[in-house]
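The next block holds one structure in the form of structure tokens; read it before the comments.
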Amino acid sequence: MSAAENDNYTVEDLFSLSGKTALVTGGSSGLGLIMAKGLLQNGVRVIIASRSKEKCNMALSELEKYGECVAIAADVTDSADRKALVSKIEKEFGRLSILINNAGANWGAKLEDYPDAGFAKVMDTNLNAVFSLTRDLVPLLEKAASADDPARVINIGSMDGIHVPIVQRVPTFAYSASKAALHHLTRSLAVDLARRQITVNAIAPGFFESRMTDYVFENFKQDIEDDCPLHRVGKPEEMVGIVAYLASRAGAYTNGTVIPVDGGTSISKGRRSWTD
Ligand SMILES: NC(=O)c1ccc[n+]([C@@H]2O[C@H](COP(=O)([O-])OP(=O)(O)OC[C@H]3O[C@@H](n4cnc5c(N)ncnc54)[C@H](OP(=O)(O)O)[C@@H]3O)[C@@H](O)[C@H]2O)c1
């Protein structure tokens, strides 16, 4: 073993995030807020960004209790906002260890009623903005990156980019297409950015409680549980856990993957009489 190798395999060391810096887009609510909180609790300095200044400030007042956090109102689909966001991160941190592309949108409608504008909005938020923001942040990610500890891009995809969602009854054409494309964008960025010591992975969550899932939880919670081999929805710590893995020494060699965190929903046909 060379002197540079670290043979401390304790969970504390292997999964340590201490001293890192992170941007969580859409960090003002739902999964983004949970991931931001988890990072802060583990010694990461965090910037959250979302469109609404009010939501940003509300989230900030909760997150500040856990560590050093900054909230910036920015629309990731707007190039001027992205530019301002990148320069604020440069000013605050000088570099960026972890980029979590989490901001997302959905649109549900029957095929004949599905508007072009709705389709475009979802693609713009869930796919195009991820590409543009990641590209623009490469110089700051590179500054935090090394062969032993690469910078990390973590894209929040969805199990709906793996299978065709039906539980909510209303089709979400753009959402599943955008998430499937995001999973593949993850792979092509991973190949391209590896030479700059930046890894790129995606998490494909199943159902977690959030504003985005309010309606479906209220109306179809039982179906969601029936459709999942574990017969339940996800818990906040299960998002934080996968982020800690991907962002730490433990996950440094994991690159270009899409990791479902969905209780097995995307690979099963749900509960059947013979599985009980
Ligand atoms: N919850 C689930 O079960 C689930 C499952 C699979 C995947 N996901 C994915 O997880 C991510 C987070 O979703 P969520 O469930 O936590 O939903 P959510 O509570 O609605 O959060 C979405 C976040 O994104 C922000 N946002 C939306 N558009 C934005 C834009 N153009 N620019 C900047 N920020 C924007 C929102 O804040 P503002 O309104 O202030 O902009 C909000 O903070 C999404 O990518 C979603 O597709 C969620």
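Descriptive notes on the structure:
- When +1 charges are put on Lys and Arg Cβ atoms and -1 charges on Asp and Glu Cβ atoms, the dipole computed for segment 145-276 relative to its Cα centre reaches about 360 debye.
- For segment 166-240, the fraction of C-alpha pairs more than 19 angstrom apart is 51%.
- Helix 236-247 axis, angle to the chain major axis (alpha carbon atoms, nearest 10°): 40 degrees
- Taken over segment 205-276, the alpha-carbon convex hull comes to 108 cubic angstrom per residue.
- Radius 13 Å from Cβ of R249, net charge of other residues (Lys, Arg +1; Asp, Glu -1): -4
- For E225, E218, E62, order by how many other beta-carbon atoms lie within 10 Å, fewest first: E218, E62, E225
- To the nearest ten degrees, helix 79-93 and the longest principal axis of the Cα atoms of the chain are 40 degrees apart.
- In Å, descending, principal axis extents of the Cα set of segment 1-158: 63, 34, 29
- Between 0 and 90 degrees, the angle of helix 30-41 with respect to the longest Cα principal axis of the chain falls at about 30 degrees.
- Cβ crowding within 10 Å ranks E5, E112 as E112, E5, fewest other Cβ atoms first.
- Cβ-placed point charges (K, R +1; D, E -1), dipole of segment 58-200 about Cα centre in debye, nearest 20: 280 debye
- Listed by Cβ neighbour count within 10 Å, with the fewest neighbours leading, C69, C56 appear as C56, C69.
- Taking amide hydrogens as placed 1.01 Å from N in the peptide plane, the amide H of I259 sits under 5 Å from those of A202, I203, A204, each at least 5 positions away in sequence or on another chain.
- For K55, a cut-off of 28 angstrom between C-alpha atoms picks up these lysines, skipping any fewer than 8 places away in its own chain: K20, K37, K65, K83, K88, K91, K121, K179, K221, K235.
- Dimensionless Rg/Rh of segment 91-239 - Kirkwood Rh, Rg from C-alpha atoms: 1.02
- Volume in Å³ per residue [convex hull over Cα atoms, computed for the chain]: 142 Å³
- Between S268 and Q222, the FRET efficiency from the beta-carbon distance, with R0 = 22 Å, is close to 0.85.
- Here is how the number arises for the chain: DSSP H runs of 4 or more residues each give -39500 (n - 2.57), the sum is divided by the residue count, and the result at 222 nm is -13000 deg cm²/dmol.
- Test item: Cα-centred dipole of the chain, Lys/Arg +1 and Asp/Glu -1 on Cβ, debye: 420 debye
- Between segment 1-72 and segment 198-231, the C-alpha centres lie 22 angstrom from each other.
Quick note: the coordinates plus some simple rules give every number you see, no bench work behind them. Here the structure is a predicted model, which means the values were calculated and not measured. Glycine gets a Cβ as well: all are built from the backbone with ideal geometry, and neighbour counts include every protein chain shown.
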